[in-house]
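Have a look at the structure below before the remarks.
Computed from the coordinates by the stated procedures, all read-outs in this text should not be read as laboratory data. What you see is a predicted model, and the numbers here were worked out from it, not measured in a lab. Positions of Cβ are backbone-derived with ideal geometry, glycine not excepted, and every protein chain shown enters the neighbour counts.
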Amino acid sequence: MTKIVLLSIASIFIFVTSCKKEKIELPTSNSPIFTTTGTFNGEAFELIAGDNDSYMHTWTDMTNGVEVVSGNLSNSINGLEIGIYSGQLDHNDIVFTENISLTPTFSEFNQIALATLSKNMFSSVSNIQSIEWIVNGEIRAEGYSIIEPGHYDVTANVTFSDGSPIQTVSNKLILGYDRDFNLGISHNFDAASSLLVVSVEDFMGVVTSTTWYINDVSYGVSDSIELNIPQEFVEVRAEIEYMSGAKRTKRMLFDGALGTRTIEDFTEVENTIDNIIQDFNLRVRFEKANVLYESERANNSSSIVVITAFDYYGLNNAGYPVYKIGASINCNVRSESGGNDIPLQFNTVFGVEIR
């Protein structure tokens, strides 16, 4: 397991929301402010913001729908980037400084499917001709497997075998990240009376409230609702709040005409994955001679990170506060083309934009 040591640190990292890299203007000073000294594969390197065309940039990257607090100190020869992934994605009001793990690990590129999007997930599979999946805005084919951890907006555009109009339902999937709970929508339908009963089965007593919507019309707060539905497709939405503060929205599409073309709440696919936890993990990237080397591609099970300082610095060009983070990191990196792990060791003072 990666070892993390925190020394005299008043706070840790805070969310930023911009994807634009902001350069920090340095005041005239005899002492360097943002620096990195270390070795890459045994070869010494040094980066000092303001010297030899080196610059410090801060921004928030987005990786598979998840914010990654990032900083980059680079020149025309070498570049160093450090990022920390967000976490607890089922909490809307997460405070980064209060929830970051004191023992984070290096993130790794995952090699197995976290979820496979298929018509076989639904009870109406025999009546489905095909499904066009939209994953974070990208069109994906039937049977598409999601490999990398992330927070995914997933839409199913369903074509039925009977030639009826395409039906659409969307949900958010949290894959490879910790979740407090993942309760879904259960349903029961009496075709004779057209009575639909939907509920969130809270066997553990962890739900604070469930607010129901039918075709975007509110049906109030309760554990379950029952209603006579028209002979057409209706969207059922449940907004679930948990005692822990977690919030999830679940959707399903119910066939009120035939009862044989229902598309269930497919967020239950989250419950079938291995326990891969990406929350608040660390990644390091090093660029040399236009080749990018990444810690996520290498073995860092024994790597060491020491965070030594966290101090306010000033404002960047966009007018947002910047904090200095001191760290000593000893890890491995590997290029996209493969090859062996390469040792990377450095001490650094980095800038982080805080909004």
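Here are a few things to note about the model shown:
- The modelled label-to-label distance for the pair residue 257/residue 187, using points 7 Å beyond Cα in the direction of Cβ, is 1.5 nm.
- In whole angstrom, the chain maps to an equivalent ellipsoid with semi-axes of 47, 22, 17, each derived as √(5λ) from the alpha carbon gyration tensor and ordered largest first.
- A dipole drawn for region 158-255 from +1 and -1 charges on Cβ atoms has a positive end, and of 236, 171, 217 the residue lying farthest that way is 171.
- For region 120-171, the spread of Cα coordinates along the three principal axes comes to 35, 18, 16 Å, biggest extent given first.
- Student exercise, the chain dipole from Lys, Arg, Asp, Glu Cβ charges, in Debye to nearest 20: 740 debye
- Computed from the C-alpha gyration tensor, the three semi-axes of the ellipsoid equivalent to region 211-279 are 26, 17, 8 Å, from longest to shortest.
- 3J(HN,Hα) along region 66-78, derived from phi through the Karplus expression 6.51 cos²θ - 1.76 cosθ + 1.60 where θ = phi - 60°, amounts to 10, 6, 10, 5, 9, x, 9, 10, 8, 9, 6, 10, 10 Hz, with x in place of Gly and Pro.
- Couplings 3J(HN,Hα) of region 323-340, computed from phi: 10, 8, 10, x, 8, 10, 10, 10, 8, 10, 9, 8, 7, 4, 6, x, x, 8 Hz, in residue order, whole Hz [Karplus 6.51 cos²θ - 1.76 cosθ + 1.60, θ = phi - 60°; x for Gly and Pro].
- When the charge dipole of the chain is built from unit charges on Cβ atoms (+1 for Lys and Arg, -1 for Asp and Glu) and taken about the Cα centre, the candidate among 136, 317, 278 whose Cα reaches farthest toward its positive end is 317.
- Among 47-53, 67-73, the order from most to least packed when residues are scored by Cβ within 10 Å on average: 67-73, 47-53
- Amide proton proximity set for residue 280, modelled H, under 5 Å, gap of 5+: 85, 86, 87
- Restricting region 168-234 to chymotrypsin sites (Phe, Trp or Tyr not before Pro) in coil, as DSSP defines it, with at most 10 other Cβ within 10 Å: 203
- Helical content alone sets the calculated 222 nm signal of the chain at 0 deg cm²/dmol, taking -39,500 (n - 2.57) per DSSP H segment of four or more residues and averaging over every residue.
- Scalar couplings 3J(HN,Hα) for region 160-169, obtained by applying the Karplus form with A = 6.51, B = -1.76, C = 1.60 to θ = phi - 60°, are 8, 5, 8, x, 5, x, 4, 10, 10, 9 Hz; x denotes Gly and Pro.
- Using bins of 10 Å that start at zero, the share of Cα-Cα pairs per bin across region 43-88 amounts to 27, 41, 24, 8, 0, in whole %.
- Local net charge near residue 251, Cβ-Cβ under 9 Å (Lys/Arg +1, Asp/Glu -1): 0
- Once backbone amide H atoms are built at 1.01 Å from N, residue 298 has 334 as its partners under 5 Å, excluding neighbours fewer than 5 places away on the same chain.
- Hull volume in cubic angstrom per residue (convex hull over the Cα atoms of region 115-272): 115 Å³
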